[in-house]
């Protein structure tokens, strides 16, 4: 049985030598929701664009349902639906007109578009508003329409690039529910990219941690978190370097400690084997013994934040990006936060 | 929608009618149909705002009223039997269509920012169909401008040929002219990719195209080097055809047939180039 999406050693090098995607390999099973989790610039969008054909990969194989994209691009394109980071809806047309245009672009006849269009519009709850200008739609409606338009030609695989980027919290939950329904009711296989931890947690059956063009880990979210260990203690420790160094060594030596990593500021992150709550008193005792002040302390179960940090050594942060990107982000927010 | 064992697409293409091979005739018809759909939807986006109609009339009005009247009076430019104002009217018509068309390309940049271009690119539709559709809709836009200039010219007493054949001819030429320059504008947009650069280049392009043509003076009075440029300028052929069609008693300097051929040829060439370049704007 062939996997639905099979990517082998995908590489994309931009002019100037930037290796945006540096040997990425993964497989997505039938009706699975698979995600790429990583910050801006990690290579998520580039990967998706290579897979759906917007960019030509430098090397690597892309197989959709066993068919190599390069051998039969037309056939493969019809199997795939794509919704980009930007919400690609023309505000000057009605919802229906946007859908109609998409359908025409996929060689559907008017009758086919009429039938399928009604089906998908009812699915995403926009049937009643189909003849209203898309300029009057809210951000969530625009996104739903965008994702829905990607379904017009009956693809069985859906590619979503940052599906809830720029949306407010409630709307994001609505979109998540919609994506989940697409998987169960429409039997779709879904590949998405995101930099939102909660999204990866909520939606993905499996996910890949991607950083600087490479995959650092692939597994179910639960399994990834379990790999980290038990609880995570984040403590702010104030003291000059030598005393701190000695304290860190001492804490690391404790049987319950898995690792101690210094972070920004005076924060230190202590990974416990199992019982972080039992480790805390020991940390305090040691700190007192080494004359180091524990300014604050926090305990939590490992989250995808910790997973990301563990595999990449960095936190996902919303990096500023170029001026053009900032402008685009603002424009997107203005459109979607209506 | 069931899946057969060897991983063939589940119902995707089976339900839709692409399994059979497309004959060239059907493929052409499909191509044309797609272009028309785009043209239709683009046309719907035109806002028929009364103030816009007014502002679009100002430039041709100024040219005809001020420049036209002055030079008619001066008799400085030799236009044979024709009154100068009559001579320049088709030139001004072509000019105003040029001006609207040359800034058309900015819509592609806007669409790129919205992600709409990417959405089109992942479909099996050939890029040329998209470009053709846009060229057609630019033609429609050009026509609305033509109406304005005709009205102005008539109001100023220009002797116009109102016969249906001539009007039809003008419609066709205006549409072709708009197609040429809007596609040219699209190519520029695909190459420069940002709004600021596009606006800068757009300004720079319109003037040479307009002045190095027979729009407001006959080619005969140009210096040799300018004459060469004018002969290579599609606007010259557009104006020539418009002059022959619009004004009774004016004859085409190069032959109507040649004019049309040049315009169609240039349009086709530009559409092919634009089709090639269209994906570039998405990067």
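Values quoted throughout were computed directly from the atomic coordinates according to the rules given, and no laboratory measurement underlies them. Every value quoted in this text rests on a predicted model; they were computed, and no experiment measured them. Note: ideal-geometry Cβ built from the backbone for every residue, glycine included; neighbour counts use all protein chains shown.
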Using a 10 angstrom cutoff on alpha carbons, build the Gaussian network for chain A and name the most mobile of A:67, A:249, A:234. A:249
Quote the convex hull volume per residue of the range A:2-144, based on C-alpha atoms, as a whole number of Å³. 142
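So between residue B:30 and residue B:43, what do we pick up on full extension, going 0.36 nm a residue minus the alpha carbon distance?
On the way: separation 13, 0.36 × 13 = 4.68 nm, distance 1.98 nm.
Full extension from residue B:30 to residue B:43 adds 2.7 nm.
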With a 10 Å Cβ neighbour count serving as the proxy for reagent exposure, in which order, fewest first, do B:276, A:334, A:269 appear? A:334, B:276, A:269
Label residue B:151 and residue B:258 with points 7 Å out from Cα along Cα→Cβ: what is the distance between them in nm? 3.6
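Looking only at other chains, what is the average number of their beta-carbon atoms within 10 angstrom of each beta-carbon in B:233-239? Numbers along the way, then the final one.
Values: counts 0, 0, 0, 0, 0, 0, 0.
Other-chain Cβ atoms within 10 Å of each residue's Cβ, averaged: 0.
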Global size of the range B:89-188 as Cα Rg and Dmax, reported in angstrom: 15.9, 53
Dividing the mean separation of Cα pairs under 8 Å (6+ apart) by the residue count of chain A yields a relative contact order in percent of 20
Ignoring solvent entirely, what values of log10 I(q)/I(0) come out of the Debye formula for the protein assembly as shown at 0.05, 0.09 Å⁻¹ when each Cα is a single scatterer? -0.33, -0.82
Across 20 Å bins from the origin, how do the percents of Cα pairs in chain A run, short distances first? 28, 49, 20, 3
Please compute one quarter of the surface area of the Cα convex hull for the range B:138-283 and express it in square nanometres. 9.7
Relative to a virtual label point 7 Å from the Cα of residue A:169 in the Cα→beta-carbon direction, which members of the range A:188-217 show backbone nitrogen distances below 17 Å? A:196-202
Please state the Cα pair-distance histogram of the range A:230-301 with 5 angstrom bins from zero: what percent is in each bin? 3, 19, 34, 29, 13, 3, 0
10 Å Cβ neighbours from other chains, averaged over peptide A:49-56: 3
Largest-first semi-axes in Å of the equivalent ellipsoid built from the Cα gyration tensor of chain B are 41, 19, 17
Specify the angular offset, from 0 to 90 degrees and rounded to the nearest 10, of the alpha carbon long axis of helix A:169-185 from the longest principal axis of the alpha carbons in chain A. 60
If the viscosity is 1.567 mPa s and the temperature 4 °C, what translational diffusion coefficient in µm²/s does Stokes-Einstein give for the range A:180-274 when Rh comes from Kirkwood over Cα pairs? 80
Under a GNM of chain B (C-alpha, springs under 10 Å), which listed residue has the highest mean-square fluctuation: B:102, B:221, B:148? B:221
Hypothetical label at residue A:29: residues of the range A:154-176 whose amide nitrogen lies under 20 Å (7 Å Cα-Cβ projection): A:156-159
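Taking a ≥ b ≥ c as the square roots of the Cα gyration tensor eigenvalues, with a/c under 1.5 meaning rounded and otherwise prolate when a/b beats b/c, else oblate, which class fits the range A:105-170?
Values: a/c = 2.30, a/b = 1.35, b/c = 1.71.
Note, shape of the range A:105-170 comes out oblate.
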Based on DSSP H runs of at least 4 residues, each adding -39500 (n - 2.57), what is the mean residue ellipticity at 222 nm of the protein assembly as shown after dividing by all its residues, to the nearest 500 deg cm²/dmol? -17000 deg cm²/dmol
Just to be sure I understand: of the beta bridges DSSP finds with both ends in chain A, what percent are antiparallel, rounded to 5? 70
